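The structure appears below as structure tokens.
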Amino acid sequence: MPVQFHHIEPHSLLKNYIEKMWLFKSSGKMPFDDMKLIVPNGNIKITVSYQNGIVAAINEKQFASKENDITLTGLIDVPVILDVDEDVATETIGIEFSPKGAYRFFHFTLNDIQNQIYSISDVLGNIGKKLVEQINRATTVQQKIVLLQQFLLKLLSSEKEDLIFEYCIEKIVASKGSITIKELEKKTGYSSRWLNMKFNDKLGVSPKNLSSIIRFKQYYQAFINGNEKSFFRNDFYELYYDQSHFIKDFKRFTGLPLAKFEKQTNDFGESYYR
């Protein structure tokens, strides 16, 4: 059952805020023996389900991106099981905002949507509903992509940048998640309490939580891209206190013990993560 993710180049004015855009195509449901596991990557996402829908299990709760709807997924810090809704041909557009990018478009406390998926009409009201109607009237994928990016450009213009927040995100990403909250306090002059409030508002999780996701992301990407044959190499834990620290985070983000995970098939989840 072929699954395809096609890269979409973001508008030049959106590139600083969007980590990736993609077009997902599938001829039906994922194979039964595929885990369909999506590991957290630190991105808040928009999903445009214009042909068939997408279903997700998050923290034992079921969410749906229904056909002909647009949904907003808050920052996820737990494993997700994802599949298409009906066993039919499926096409979906996805936009993934960088950790420092999402707050420039969504002007509410992003912690309110953490680990949840909402229709954009419920989150943004009439402007979200109008976008859904415009996207559904568009007859080609390219037209839908243009309308979606035009919408984001309008949202972007109405929110000023937060330099302290973005500086902290840049430090976390540059350190591959190894920087501590105490180091961020020293570099910014702001208390951990203030920084935690800022992050919960503009991203949905604390700096420490984001650092854990970014740190694990380094290893998971290397593994699925074939740069590392196994998670068991001793030098694979340089960003962790020790091997047990890594194994604890591994189970947190995948839901499985490391040894069991390596025996599973997760072709869909790996294709998505790339």
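Take residue 82 and tell me if it is farther than 28 Å from residue 256 by Cα and part of a strand (DSSP E or B).
Taking the combined requirement at face value, the residue does not satisfy it.
Could you say whether any residue in the range 40-55 is in a loop (DSSP other than H, G, I, E, B), surrounded by fewer than 18 Cβ atoms within 10 Å (Cβ to Cβ) and in contact (Cβ under 8 Å) with a residue 24 or more places away in the chain?
Scanning the range 40-55 turns up no residue that is in a loop (DSSP other than H, G, I, E, B), surrounded by fewer than 18 Cβ atoms within 10 Å (Cβ to Cβ) and in contact (Cβ under 8 Å) with a residue 24 or more places away in the chain.
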For this session: Please state which one of 124, 131, 75 is of a type in the set (A, V, I, L, M) and within 27 Å of residue 174 (Cα to Cα).
Result: 75
For this session: With the condition kept exactly as written, say whether any residue in the range 197-205 is in contact with a strand residue (DSSP E or B) (Cβ under 8 Å, 6 or more places away or on another chain) and in the same structural domain as residue 98 (by TED's automatic domain parsing).
Result: no
For this session: Could you please let me know if residue 75 is part of a loop (DSSP other than H, G, I, E, B) and of a type outside the set (D, E, K, R)?
Result: yes
For this session: Within the range 80-91, work out how many residues are touching a strand residue (DSSP E or B) at 6+ places or on another chain (Cβ under 8 Å) and either surrounded by fewer than 21 Cβ atoms within 10 Å (Cβ to Cβ) or farther than 15 Å from residue 272 by Cα (or both).
Result: 6
For this session: Please go through the range 36-72 and pick out each residue that is more than 18 Å from the chain's Cα centre (by Cα) and either aromatic (Phe, Trp, Tyr) or farther than 18 Å from residue 88 by Cβ (or both).
Result: 50, 60
For this session: Specify which of the listed residues (182, 160, 171) is closer than 17 Å to residue 18 by Cα and not aliphatic (A, V, I, L, M).
Result: 160
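Matching residues to (1) surrounded by fewer than 21 Cβ atoms within 10 Å (Cβ to Cβ); (2) under 25 Å from residue 273 (Cα atoms); (3) among the aliphatic types (A, V, I, L, M):
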{"position": "74", "(1), (2), (3)": "no, yes, no"}
{"position": "78", "(1), (2), (3)": "yes, yes, yes"}
{"position": "126", "(1), (2), (3)": "yes, no, no"}
{"position": "137", "(1), (2), (3)": "yes, no, no"}
Exercise. Being β-branched (Val, Ile, Thr), surrounded by 14 or more Cβ atoms within 10 Å (Cβ to Cβ), at pLDDT below 90 and under 19 Å from residue 43 (Cα atoms), is that true of even one residue in the range 210-225?
Worked result: yes
Exercise. Can you name the residue in the range 138-157 that is free of Cβ contacts under 8 Å to residues at least 12 places away in the same chain and assigned to a helix (DSSP H, G or I) and, of all such residues, is nearest to residue 7 (Cα to Cα)?
Worked result: 142
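The values are calculated or read from the model by the stated rules, or taken from the named source; none is laboratory data. Not measured: the values here are computed from a predicted model. Neighbour counts are summed over all protein chains in view; Cβ atoms, including those assigned to glycine, are modelled from backbone coordinates with ideal geometry.
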